1. Is at least one residue of segment 201-209 crowded, with 20+ Cβ neighbours inside 10 Å, of a type outside the set (D, E, K, R) and in contact with a helix residue (DSSP H, G or I) (Cβ under 7 Å, 6 or more places away or on another chain)?
2. Within segment 236-243, does at least one residue satisfy the condition of being at pLDDT 95 or above and within 26 Å of Arg181 (Cα to Cα)?
3. Can you tell me how many residues in segment 224-246 are in a loop (DSSP other than H, G, I, E, B) and closer than 11 Å to Gly339 by Cβ?
4. Evaluate segment 194-213: report whether one residue or more is within 23 Å of the chain's Cα centre (by Cα), at pLDDT 95 or above and of a type outside the set (Gly, Ala, Ser).
5. Six or more apart or on different chains, Cβ under 6 Å: which pairs go from a residue in segment 180-201 that's over 13 Å from Met169 (Cβ atoms) to one that's modelled with pLDDT of 95 or more and of a type in the set (Val, Ile, Thr)? Could you list them?
6. Filter segment 275-327 down to the residues that are among the polar types (S, T, N, Q) and in contact with a helix residue (DSSP H, G or I) (Cβ under 8 Å, 6 or more places away or on another chain), then identify the one that is surrounded by the most Cβ atoms within 10 Å (Cβ to Cβ).
7. Among the residues of segment 328-347 satisfying the criterion of being touching a helix residue (DSSP H, G or I) at 6+ places or on another chain (Cβ under 7 Å) and hydrophobic (A, V, I, L, M, F, W, C), which is farthest from Pro153 (Cα to Cα)?
8. When the residues of segment 161-177 are narrowed to those that are in a loop (DSSP other than H, G, I, E, B) and touching a helix residue (DSSP H, G or I) at 6+ places or on another chain (Cβ under 9 Å), which ends up nearest to Lys300 (Cα to Cα)?
Amino acid sequence: MITHDEITGILTEYDRLKLRIGMTASHSALDICDGAIEEGFPTVAYCQKGREKTYSDYFRTARSSSGRVVRGMVDKAIVLDRFSDVLDSEFQQQMRDRNVIYIPNRSFTSYCPMQAIEDDFRVPMLGSRNMLRMEERTEDQDYYWILEQAGLPYPEDIGDPEDIDCLCMVKLHHAEKKLERGFFACGSHEEYVEKSQSLLAQGVIDEQGLASARIERYVIGPVFNLNFFYSPLEEDLPKLELLGVDWRFESSLDGHVRLPAPVQMALPESQQIPEMTVVGHNTATIRESLLEEAFDLGEKFVTASKEHYDPGIIGPFCLQTCIDKDMNYWIYDVAPRVGGGTNVHLNSGHPYGNSLWRKEMSSGRRIALELRQAVEQDRLDEVLT
């Protein structure tokens, strides 16, 4: 793991008045860029060839003669053969020469080897470099581990398919779409066998993924992704902020639920089991009587992160929850970085974040605000890893 002293040493070479905010051009990049522009930082999006036009063309910034942004939010789009080319040592030097502060998102950790991010990516990042690995369910200390340490509620693990006695979710990767889900639901061992064999035959999942899949009790209730921000810089007010909430559109699941039951039952086998690929998000709020418990979840996560991942969580993180009929939260996933649904709030801001800051405050803008305050207070070393 790159040490704090190494990052501090790199920062001595930076011009702190000319910082740029960089990120992998996918996932939440537009939110990050939009927030950076609002707080006065130039932006650099690192794109993969064939996927660059969103950033290089359609959301490219136009500035007035005075330098004010009049359109767009991506100042510079750098096109790479592969996203992982940002790990090249010469390219990293170029990033440091440009005073780039990198904001990790899920695409960064999906397309770049985790070991290289931890040991070789010598570019300062706003966030918790040492916590990114927990997002992988194959790790011994995955996010379920820290939820256990924190005493936070999460769906019960069913170790053996033969023990399935209620509705469960089987979590594994898609066999062909490697970064997507091959999840499926079942309510008995017989249904598990039937559905898994069908998905194996269709090539949606494979034997290796099935053997290592996590089976957990399904929580019936609405899904709320809680987009938090933790500020090490805040001295007087609560350090934890709940900026906003989002929920997902999933394909083909959301298409299935629009079909009448007789139509669903008449579908051919290849269409009967819905896939759960995230294709969009929408905004939400939570019943006010449930907000305090949401903050309690966030506080417990922060406390556990400090105990087990020194210095703990920094900046944005997302607890993905369900709320059951008895109004209990259950955390089914954790993002120790900016969430994937924050684009729904870009420019307009999160509902709670706007009210807290009395101006439009998206996750992207909150990240940039923390960076700007760290510069002004000469405390960059407290938010960068």
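The values are calculated or read from the model by the stated rules, or taken from the named source; none is laboratory data. Predicted model, so just to flag it, every value in this text is computed and none were measured. All Cβ positions, even for glycine, are placed from backbone atoms using ideal geometry, and neighbour counts span all protein chains on display.
1. yes
2. Step one: filter segment 236-243 for residues at pLDDT 95 or above, giving 236-243.
Subset that is within 26 Å of Arg181 (Cα to Cα): none.
Looking for residues that are at pLDDT 95 or above and within 26 Å of Arg181 (Cα to Cα), one finds none in segment 236-243, hence no.
3. First pass over segment 224-246, keeping only residues in a loop (DSSP other than H, G, I, E, B): 231-239.
Filter again for closer than 11 Å to Gly339 by Cβ, leaving none.
Residues in segment 224-246 being in a loop (DSSP other than H, G, I, E, B) and closer than 11 Å to Gly339 by Cβ: 0 in total.
4. no
5. Ser188/Ile164; His189/Ile164; Leu199/Ile205
6. Just the residues of segment 275-327 that are among the polar types (S, T, N, Q), to begin with: 277, 282-283, 285, 289, 303, 305, 320-321.
Those still in the list that are in contact with a helix residue (DSSP H, G or I) (Cβ under 8 Å, 6 or more places away or on another chain) too: 282-283, 285, 303, 305, 321.
Values: Asn282: 11, Thr283: 14, Thr285: 12, Thr303: 15, Ser305: 24, Thr321: 26.
The residue in question is Thr321.
7. Leu346
8. Kept after step one, since they are in a loop (DSSP other than H, G, I, E, B), are these residues of segment 161-177: 164-167, 172, 174-177.
Still in the running and touching a helix residue (DSSP H, G or I) at 6+ places or on another chain (Cβ under 9 Å): 164-165, 172, 174-175.
Values: Ile164: 30, Asp165: 31, Leu172: 27, His174: 32, Ala175: 35 Å.
If we take residues in segment 161-177 being in a loop (DSSP other than H, G, I, E, B) and touching a helix residue (DSSP H, G or I) at 6+ places or on another chain (Cβ under 9 Å), then Leu172 is nearest to Lys300 (Cα to Cα).
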